[in-house]
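A short write-up of the structure that comes next.
The values are calculated or read from the model by the stated rules, or taken from the named source; none is laboratory data. Since this is a predicted model, take the numbers as computed values, not measurements. Don't worry about glycine lacking a Cβ; one is built from the backbone with ideal geometry, like all the others, and counts go over all protein chains shown.
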Amino acid sequence: MSDTDLRNPAETAVEQCLNLGAEESCAVVTDDKREAVGEALYEVASEVTDDATLLRYPPGDQHGEEPPAPVAAAMREADVFLAPTTKSLSHTRAREDACEAGARGATLPGITEEAFSTGLDADYESIAAECEAMLEQVADAEAVRVTTERGTDITFSPGDREWLSDTGMVRDPGDFSNLPAGEVFVSPESADGTYVVDGTMMPHGLLDDGETLAFEVEDGYVTSISDDDVRGQVEAAADEVGDAAEGTSASSDAPRRNAAYNLAELGIGTNVAVTELVGSVLLDEKAGGTVHVALGDDAGIGGDTDAPIHLDGIIRDPTVYADGEEVALPGGV
């Protein structure tokens, strides 16, 4: 992909989404595998402000892993930060500390050049309007149920937790968004049922037609995972946490009810510019007409669980009900 192909989405990110000012500082944080996107963002940012910095470090091992201390410091000290990285910095203390210090920023976890061009070739004012329309339908619901023909039937109880909106419009101190953006989401207090991923989920990427990954959920914890690879990732994170919940033995054959198995998120995609799934979780979870469910860490999205993992799975063609009323979903892939 040519530099020209990356120029327009970089301008959208820096100028429309982050609204970088000439008197502001900007830190672009990237790694060895996402250097092309990082360079494109830095080039545009450096044309807006004389105080732009590009930092590169080796890719992390897993999503949610803390970046090196100099990277965290640069994010915290900047007015604006952009983080196109292989592994997500969204659910890290470094990102949270930066926003608490007044920096506004966007993470682009797992971004590819294709996803960058597709997901940011959009009018983010329109995406913000789609998010607002979705919030009006779900924000006050006591129960949100999601079903699909492939076996998903799960009910989420948001409780007192607030639905959040990822519009991509990052304008005020402390604001944060993923880019590409376009979703509303909540970290539910509890959930029960089954969700069946038939879209995109790491480590597999875009699933083949007819391929599915099934997850059983009870009282807000995932209790069964059908896929060996995904289960292995979660088990490794559970071992790192090492705090089996009360009443659950760490040596039990059943999945341990610890932070790694927490049902972390229900998200609804609102980016109607994304018309097909491409295998990038970052992009695909924003697609209008999809739902995504995540397990693991939710401390950065309104929950209280701190875990070294956050795994999203995208679900195609869902039907969503808010307190029994069907929700009108935007777009559709």
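Restricting segment 191-232 to residues that are part of a strand (DSSP E or B) and free of Cβ contacts under 8 Å to residues at least 40 places away in the same chain, the residue that is nearest to N258 (Cα to Cα) is T223. For segment 27-65, taking the residues that are of a type in the set (S, T, N, Q) and surrounded by fewer than 24 Cβ atoms within 10 Å (Cβ to Cβ), the one that is farthest from V234 (Cα to Cα) is identified as T49.
How many residues does segment 186-229 hold that are surrounded by 20 or more Cβ atoms within 10 Å (Cβ to Cβ) and within 17 Å of the chain's Cα centre (by Cα)? Residues meeting the conditions: 7. Pairs meeting the criteria (first residue in segment 147-162 and closer than 18 Å to M134 by Cβ, second residue surrounded by 16 or more Cβ atoms within 10 Å (Cβ to Cβ) and modelled with pLDDT under 95, beta carbons under 7 Å, at least 6 apart or on different chains) are R161/G302; R161/G303; E162/G302.
Please pick out the residue among P188, P173, P180 that is in contact with a strand residue (DSSP E or B) (Cβ under 9 Å, 6 or more places away or on another chain), part of a loop (DSSP other than H, G, I, E, B), over 30 Å from N8 (Cα atoms) and outside the structural domain of A94 (by TED's automatic domain parsing).
Answer to the check: P188.
So, restricting to strands (runs of 3 or more DSSP E) that lie completely within segment 289-333, which ones have at least 2 residues that are in contact with a Ser or Thr (Cβ under 8 Å, 6 or more places away or on another chain), surrounded by 22 or more Cβ atoms within 10 Å (Cβ to Cβ) and among the aliphatic types (A, V, I, L, M)? Can you show your working first?
Numbers: elements: 291-296, 310-315, 319-322.
Because the criterion is at least 2 residues that are in contact with a Ser or Thr (Cβ under 8 Å, 6 or more places away or on another chain), surrounded by 22 or more Cβ atoms within 10 Å (Cβ to Cβ) and among the aliphatic types (A, V, I, L, M), the strands (runs of 3 or more DSSP E) in segment 289-333 that meet it are 310-315.
Among the residues making up segment 293-313, those that are in contact with a Leu (Cβ under 8 Å, 6 or more places away or on another chain) and under 16 Å from F156 (Cα atoms) are V293, A294, L295, G296, I301, G302, G313.
Within segment 82-104, residues that are over 13 Å from N178 (Cβ atoms) and modelled with pLDDT under 95 reach partners that are in a strand (DSSP E or B) and not charged (D, E, K, R) with beta carbons closer than 7 Å, at six or more positions or on different chains, in the pairs K87/P109. Would you check if there is a residue in segment 72-84 being surrounded by fewer than 19 Cβ atoms within 10 Å (Cβ to Cβ) and part of a loop (DSSP other than H, G, I, E, B)? No, there is no match, as no residue in segment 72-84 is surrounded by fewer than 19 Cβ atoms within 10 Å (Cβ to Cβ) and part of a loop (DSSP other than H, G, I, E, B). Residue-level check: of (1) surrounded by 18 or more Cβ atoms within 10 Å (Cβ to Cβ); (2) touching an Asp or Glu at 6+ places or on another chain (Cβ under 6 Å), G110 misses just (2).
For segment 88-153, which fully contained helices (runs of 4 or more DSSP H) count at least 3 residues that are farther than 30 Å from A36 by Cβ, of a type outside the set (F, W, Y) and touching a strand residue (DSSP E or B) at 6+ places or on another chain (Cβ under 7 Å)?
Values: elements: 93-100, 113-119, 124-138.
Fully inside segment 88-153 and qualifying: 124-138.
Summed over segment 154-170, the residues that are assigned to a strand (DSSP E or B) and under 19 Å from the mean Cα position of the chain (by Cα) give a count of 4.
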